[in-house]
């Protein structure tokens, strides 16, 4: 097994999907041990570090990569299995950013109101207890919350020669901000360009569904990832599989369109897997769908459509590669 | 304890919130044992019963009630605790209806495309195994799914003299179509008129989040409900509490607005409960929110914002009435 | 010709479509001379009269009517020709209202931001010059604007037994807030209940497209209206005809759905008028459609789809009744 | 005056904003005489040329350019004055494209319905009469429509290193598809990269507001354009000025967000021009705004906010450059 360890220097960070030269060429089957900086570039370290003075949104959400996968061609399916995600710092940061987030007006949902005040929260990581400390600032309320590490951003170079900011999810993946990208999950992404050129970043030590204020508990992350390639079979929207569920992530606006995109893809997927016609698959999905929101804050919103494997007949997707990668993952150490 | 058993005759069905004379006057503390017809009025009984020939959308989703609650005044909080929901028929029905549903154009998301074909599915109930049988029609695929009974519709008379169809959810509740209205849940509704005038209906033997095709496994239901009243404290949007979670249901369009409404209400609720200022409550919610969709098919869409009690300090809402009703429920038989 | 003059007393105001007893029964062919109060009920008279202390949103937008039209049955088309609209006061009022309007968060597009400040503007009417005076309050800027009288609200009782606030437009018309309802226009509304039960109100001395701040130059209005009835032919959405254009008004959320509804109806209308199949009518509309926004502030937004008669072959709609009413209007005095 | 005439070869077409090497370097003050191909690349020539067999959406909407403007730096304002637009072919084409357009489901507003049928329409140009012939295909209906030439696409390279398809409008301009980009109009675009790197294309011989079916009467165009540069003053969203109006074009989803973005920018613009505070400018805009839709078909929708100069005190924007360019244009021949 090829193993690649990589901690990028800041000048190696990528801020776009597409448009960045690959940092490495890797072969399918490679195990990656990657360090990624947090969405703030590590610049929010205390509660007095406010976004407007410390963050330039054009250079937010740095990505580790992109990686050129040998043999990957347009129409193929890139397979990323997340073996392990471990916080790489002893603290995570979150913040309200002027005119950014779900419960404020933004540059697009524009109003004439004043922005919400800025505030930065620092969450201390207790690695032993696997908790994060939330400390209110307007009162002395404090709380410990479980660490649930995930990656907010994973994607490939877009189609049609586009280069897209790492802040916006779309068909190529990107900043989907779904808690479903966690250890044990396998993500399937349609390849648009030779080499796929995927990158990852935006570690979250935990995040609520919707990521209401626009930022999770953002933290540098050590990620252990197995990379595989399936020839052909490129999904329209990113798909995720874990031991319990099959998922599709749609990203668009308004929010119902993000939902529709993922649902329609899942109808097709169920149809393919079980030999159902469109109406039967639609009916079945209507009764078994789980739909946790991912983000309602980025320029495209993201919605996950999930179905529980336990409700369905046994089946294999993408040749059973998830099971294979799970087994393989058990043979490698995490972080 | 007052106990009222009621199975309405078809001519007693209500099709609106507001505008219908109460079928009964009850006192807070009453235990209701209600039968409600399904959203199709029981008219889809075989797979050859198609909606266009059997259903009049103006007389769909019949409600049992409304009930006049003595002492209920505008600004009060109606409390409905769902002790038990048990299927009242041996089969449930679902259907695709022309230009109705989430993955089709509708009278509002209007396009020039032909409608999807109509189809009716009948799910046989196996009471012993607590399962429903799904049978595909385009193939011989069949599946057993767990029964998970819920009520799609619960609401009070609207404010400002409005009378609203039982098909559309809003601040008064109504056709929210969330699986969270299930046995063990307590629903809090703001009272708009004297007597509250609440009704329930739209039993679902199970439903996926989003109710994609527009109909769940629709079935007549026997509901055991404890009714209470809290003076004052009317929530802006319907709230739900169960043993594990606090919830708010927002209903609007586009879908992000349904989400925003529920989230803003939850921010205020968390602030009130734990003495958090707005920004701290927003931050906390951002990291702990769960957001399962309810429906993306009605004229208003519904989204649930949930927070797990297990992540929060112990607290009591509405004077601990949910715990009280849970205890009381344990003393009464279900169906 | 029957002529009815009516100035309602405040206790006769209607605040809903449906649910109000008719003030009068009239025959088709009647000429109405109506006075209607402004949307604020005349309570904003100086710039120190602020909405939060002077306005109760539950009793806003008072309607004159409803009128029971003899012979009107569900499925018929109510025809209202606006002969003349003349300001009935020497001043109009506009205001910003907390959490109401297009460029602020609202109860539905909810955010955590503080509301915009309240402010009331009074526009003096110069009847001779037919102008309104705008006077800024944060500076000494002043401007004269032409009076362009219109009615924001015209509608019938809704279908399915609903009663809807006069603040929200829908298929029954209501608070569409389009400048197209002006002298010389004929409005076609589908009848849902016996007698149609139409009412009018919400006079605007002028309004921009979209009604951004949520209020136009609101003013009491003297309206001269010819009432006719066409048996059958009920349009799905309100239609308007004037000498230059055919129009449909769609009302929904999000804004694209309001647009879609009106466009689809216009495709059908063009198809009917000129014998075009759906694709040809779609194509033609794509090249000739005018789409001025009406309102982006009510719970449903409204969008007008217009086509210029000058681009189309000569045709008659609804039996040429608009031409007939225009001719008839020339024989009666305005106000 | 520098004059540049340019007719690109197909291999010189650009399909993105950003990411393409400039075809020319020009100085401010240059007069461009450009030929641009139509959005279909000229491949729809008869009604039997259907999009699915003749069009690759990844290589649609070819642009002429980009042009590197000497001295243009981020934060500057690129000024493009459209002196003349003249059809460069004797026919224009329009078409319905599967799952593309405003009155069909799309890849984002996804449904399970079958696509609308494809159809191509060819409009013959009568240069003498300045008309286009529309010929229905489902009947023998025919019509002559006035030619009203416009450019659907004008934009600069995006910010933050993005490369965006020429099909999607945003803050950088792009495929706004508004009839306001016509002879006599001046467009102001914020510069994001050195040289601005603007391009134009997507000539329409006429287009309805909204561009319902997704395509206008698409035609190759000869464009005469004066290029100027204003140091600083970059607008957030594209602005347009003509002899009668000031305009802002917002582009986003849902449609209300496109509207909000343009309205908020116009409130600020009016405030700057006339010394109005935010509330006064909001109030004034509410009473004078015109809002013609541009497109409701692209991945971002576009909405124009217009105000008539005739309603406002005399003022100059961008130093009166529009007047200057109009005068200069009168000295150069059109096509």
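Inspect all residues belonging to region A:284-302 and state whether any of them is facing chain B (nearest Cβ under 7 Å), farther than 17 Å from residue B:209 by Cα and in a strand (DSSP E or B). Yes, because at least one residue in region A:284-302 is facing chain B (nearest Cβ under 7 Å), farther than 17 Å from residue B:209 by Cα and in a strand (DSSP E or B). Checked against (1) crowded, with 20+ Cβ neighbours inside 10 Å; (2) without any contact (Cβ under 8 Å) to a residue 12 or more places away in the chain; (3) within 24 Å of the chain's Cα centre (by Cα), residue D:120 passes all but a single condition, namely (2). Taking region B:141-159 as the range and being without any contact (Cβ under 8 Å) to a residue 12 or more places away in the chain and either farther than 30 Å from residue A:314 by Cα or assigned to a loop (DSSP other than H, G, I, E, B) (or both) as the test, only B:141 passes. Scanning region C:255-275 for residues that are in contact with a helix residue (DSSP H, G or I) (Cβ under 6 Å, 6 or more places away or on another chain) and at the interface with another protein chain (Cβ under 7 Å from one of its Cβ atoms) yields a total of 3.
Within the option set C:133, C:127, C:105, being free of Cβ contacts under 8 Å to residues at least 40 places away in the same chain and surrounded by fewer than 22 Cβ atoms within 10 Å (Cβ to Cβ) holds for one residue only, C:133. The set of residues in region C:303-329 that are more than 19 Å from the chain's Cα centre (by Cα) and within 10 Å of chain D (Cβ to nearest Cβ) comprises C:310, C:311, C:312, C:313. Residue count for region D:182-219, restricted to those that are farther than 19 Å from residue D:134 by Cβ and part of a loop (DSSP other than H, G, I, E, B): 9. If you go through region A:168-178, how many residues are assigned to a loop (DSSP other than H, G, I, E, B) and surrounded by 24 or more Cβ atoms within 10 Å (Cβ to Cβ)? Qualifying residue count for the region: 7.
Of the residues making up region D:316-329, just one is in a loop (DSSP other than H, G, I, E, B) and modelled with pLDDT of 95 or more, namely D:317. Taken over region B:1-11, the criterion of being surrounded by fewer than 18 Cβ atoms within 10 Å (Cβ to Cβ) and in contact with a strand residue (DSSP E or B) (Cβ under 8 Å, 6 or more places away or on another chain) is satisfied by B:1, B:2, B:3, B:4, B:5, B:6, B:7. Among the residues of region D:124-166, the ones that are within 30 Å of residue D:73 (Cα to Cα) and touching a strand residue (DSSP E or B) at 6+ places or on another chain (Cβ under 8 Å) come to 16 in all.
Checking the conditions here, which among A:26, A:55, A:97 is buried (at least 16 other Cβ atoms within 10 Å of the Cβ) and at pLDDT below 95? Don't jump to the end; show me each part of the working.
On the way: A:26 fails: at pLDDT below 95; A:97 fails: at pLDDT below 95.
Being buried (at least 16 other Cβ atoms within 10 Å of the Cβ) and at pLDDT below 95 holds for just one of A:26, A:55, A:97, which is A:55.
Suppose the filter is at pLDDT 95 or above and surrounded by fewer than 24 Cβ atoms within 10 Å (Cβ to Cβ); does residue A:184 pass it? Here the answer is yes, as residue A:184 does meet what is asked.
Please determine whether any residue of region A:198-212 is touching a strand residue (DSSP E or B) at 6+ places or on another chain (Cβ under 8 Å), more than 11 Å from chain B (Cβ to nearest Cβ) and surrounded by fewer than 22 Cβ atoms within 10 Å (Cβ to Cβ). Within region A:198-212 (the criterion being touching a strand residue (DSSP E or B) at 6+ places or on another chain (Cβ under 8 Å), more than 11 Å from chain B (Cβ to nearest Cβ) and surrounded by fewer than 22 Cβ atoms within 10 Å (Cβ to Cβ)), the answer is no, since none of the residues qualifies. For residue D:240, the conditions (1) in a strand (DSSP E or B); (2) in contact with a helix residue (DSSP H, G or I) (Cβ under 8 Å, 6 or more places away or on another chain) all hold with the exception of (2).
The set of residues from region C:213-248 being closer than 27 Å to residue C:108 by Cα and more than 14 Å from chain D (Cβ to nearest Cβ) comprises C:236, C:237, C:238.
The values are calculated or read from the model by the stated rules, or taken from the named source; none is laboratory data. The structure presented is a predicted model; accordingly, all values stated were derived computationally and were not measured. Note: ideal-geometry Cβ built from the backbone for every residue, glycine included; neighbour counts use all protein chains shown.
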